[in-house]
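So the structure is just underneath, and the comments pick up after that.
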Amino acid sequence: MQFNRPTSLPNSNFTIYFSHFSSPSTKDKFQVGTFSTDGNGSANPTFQFPSKGNFAGIFGIFLQTSSGEDAYFGTGPNPVDPAYSGLTYSVPLLPASSISGGVAAPTGTAAGAGRVSVTAKAGQVSLAGAQAAHSFTVAVCGQGMQNCVTLGTLATDAQGNASGSFSMTGTGIGGNFVLSDTAGAEYISGFHVQ
C-alpha cells in the first residue's frame, strides 16, 4: 500500500481499519495496521490482513489526533476528493458466494470472475466465464446491500463474457460494486488473501 497525496499531513499518525461488506455499519471495523507520515506527508505503510480467503468491504484510514480519531480516507470506487479525480480504482469482481463471512444477503451460484475499473466518474465492468446470455444489474452499494445505486445492466454473450461502461455520477463515495440477478448478489468487488 502506498500513501502519498498532495494534501497529506506531515509527521502524522494514522490507523488503518477494515469493515466487512456484511457489517451493518462502518462502526463494525477492526484494525489492520498503523503508519506515520514523513516530513513531506508521505508514507509507505505495509500490513498483513489477519485472515485468508475472499473479502469485500472498505478500508478506512483514520488520522490520530489529541481528541481521538478523525476519518481521513476510505477506499472505494468513487472518492470525492479532487486530489484523486485522475486516479484509477481497479479491483476484481469475485463470486459473491465465495466471500468469507458472506455478504448478509442472498447470493447466487455464479461462476467465473471479472474486474471493475473506475477513473473519476467513468466505470468499466467486465466478466469472463459467467453464465451465458444472462443479464446482471450493476450497482454500487454502501456498507452491505443497503443504499445501492443502480448503474445499469450488463448482459453476457454466448460464451459468458461481458464488458460495459457506466457513469458513476450520483454514487457517493466508497462502497462496493455488486452484480445481481433474481437469485441475489452474484458478483462483488473485493480481494483475495492467500
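The values are calculated or read from the model by the stated rules, or taken from the named source; none is laboratory data. Just so it is clear, the model here is predicted, and its values are computed rather than measured. Here the Cβ positions follow ideal geometry from the backbone for every residue, glycine too, while neighbour counts run over all protein chains shown.
Computed quantities for the displayed model
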| quantity | calculated |
| --- | --- |
| Hits in region 146-181 (condition: surrounded by fewer than 17 Cβ atoms within 10 Å (Cβ to Cβ), in a loop (DSSP other than H, G, I, E, B), without any contact (Cβ under 8 Å) to a residue 40 or more places away in the chain and in contact with a strand residue (DSSP E or B) (Cβ under 9 Å, 6 or more places away or on another chain)) | Asn147, Gln159, Asn161, Gly170 |
| Residues within region 109-145 that are modelled with pLDDT under 90 and surrounded by fewer than 20 Cβ atoms within 10 Å (Cβ to Cβ), tallied | 4 |
| From the options Pro106, Pro95, residue that is at pLDDT below 90 and more than 30 Å from Ser42 (Cβ to Cβ) | Pro106 |
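Yes or no, residue by residue, for (1) touching a strand residue (DSSP E or B) at 6+ places or on another chain (Cβ under 7 Å); (2) at pLDDT below 90; (3) surrounded by fewer than 19 Cβ atoms within 10 Å (Cβ to Cβ):
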{"residue": "Gln31", "(1), (2), (3)": "yes, no, yes"}
{"residue": "Gly41", "(1), (2), (3)": "no, yes, yes"}
{"residue": "Asn44", "(1), (2), (3)": "no, yes, yes"}
{"residue": "Phe47", "(1), (2), (3)": "yes, yes, yes"}
{"residue": "Gly53", "(1), (2), (3)": "yes, no, yes"}
{"residue": "Gly60", "(1), (2), (3)": "yes, yes, no"}
{"residue": "Gly68", "(1), (2), (3)": "no, no, yes"}
{"residue": "Phe73", "(1), (2), (3)": "yes, yes, no"}
